[in-house]
Structures are given as structure tokens and as C-alpha cells.
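What follows is a single structure, written as C-alpha cells, with notes after it.
Please treat every number below as a calculation from the coordinates, not as lab data. Bear in mind that the values here come from a model prediction, so they are computed numbers and not experimental data. Glycine gets a Cβ as well: all are built from the backbone with ideal geometry, and neighbour counts include every protein chain shown.
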Amino acid sequence: MIDMIEKKQARRDEMIEIPRHKRYDEWSTNSYKLGKFPCVICGKSVNIDLIKHRVYMANDGEHLLSIKEAMQDPQAWEELGQWPIGPDCVRMHPELKSYIVQVEKK
Ligand SMILES: [Zn+2]
């Protein structure tokens with residue numbers, strides 16, 4: 001039993017706090033008012049049909065799961081799911097490479 005718990009925690013070692021822009025609250029509020037999705041980092045509205053990158057948000061809404069963790073533990077993100085990240089924030093956060101999913105074109 002203890003073994004299982006340790007394994008479950010170990011799989012979330014890569015979970016990181018979302019490096020939110022200092023104006024995230026303001027910009028995301030505006031996005032919601034416009035009926036649009038906010039970028040997970042800066043909160044600016046994104047066009048969900050054109051968005052090319054997403055991240056897996058952990059259930060607390062403040063952390064991201066790495067792609068590897070999300071694959072290994074779908075329950076960790078099923079509630080909040082995947083969230084869009086805008087092209088500017090993808091460029092500005094190269095450290096998030098193992099967290100950002102490239103959306104496949106339809
Ligand atoms: Zn952004």
C-alpha cells in the first residue's frame with residue numbers, strides 16, 4: 001500500500017506551478033467577459049479554433065502536469081482538462097517544453 005502511494009506521488013514530481021503573468025487576473029477576467037478562453041499563462045483571450053498549443057492543468061488549477069505525467073495519470077487532469085496557451089507565451093517560456101502539447105491539425 002505504501003509502495004503504491006509512493007509511486008503515485010513520484011509520478012507527479014514534474015508538476016510545476018503555473019508561471020502566471022502578473023496581469024493574469026485582469027486579462028483573464030476580460031477574456032471571460034468576452035466569452036473567450038484565456039491563455040493559461042497571461043490570461044489574454046485566445047481563439048480556441050486556432051490555438052496550436054495546450055497544457056494539462058492539474059486539479060487544483062494552479063499547477064501544470066508534464067506531458068509524461070498527464071499520460072501516466074489521466075485522473076490528475078480529467079477535471080480541468082487541457083487549457084490553451086497562446087503563441088507569445090509558448091515562445092517566452094521555453095522551460096515549459098515538456099509541458100506543452102502541440103495540437104494536431106484537423
Ligand atoms: Zn499568454
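Among the lysines of segment 2-102, pairs at least eight places apart or on separate chains and with Cα atoms under 22 Å apart come to 14. Cβ-Cβ distance of GLU95 and ASN47, R₀ of 22 Å, FRET efficiency by 1/(1 + (r/R0)^6): the value works out to about 0.30. Between GLU14 and VAL103, full extension at 0.36 nm per residue minus the direct alpha carbon distance yields a gain of 29.9 nm. Note on GLU79 and GLU62: their simple-model spin labels are 1.4 nm apart, each label 7 Å out from Cα toward Cβ.
What percent do you get for the relative contact order of the chain when only Cα pairs under 8 Å and 6+ apart count? Relative contact order, the chain: 27 percent. For the pair LYS33 and MET71, what calculated FRET efficiency results from E = 1/(1 + (r/R0)^6), where r is the Cβ-Cβ distance and R0 = 35 Å, to the nearest 0.05? Efficiency, rounded to the nearest 0.05: 0.50.
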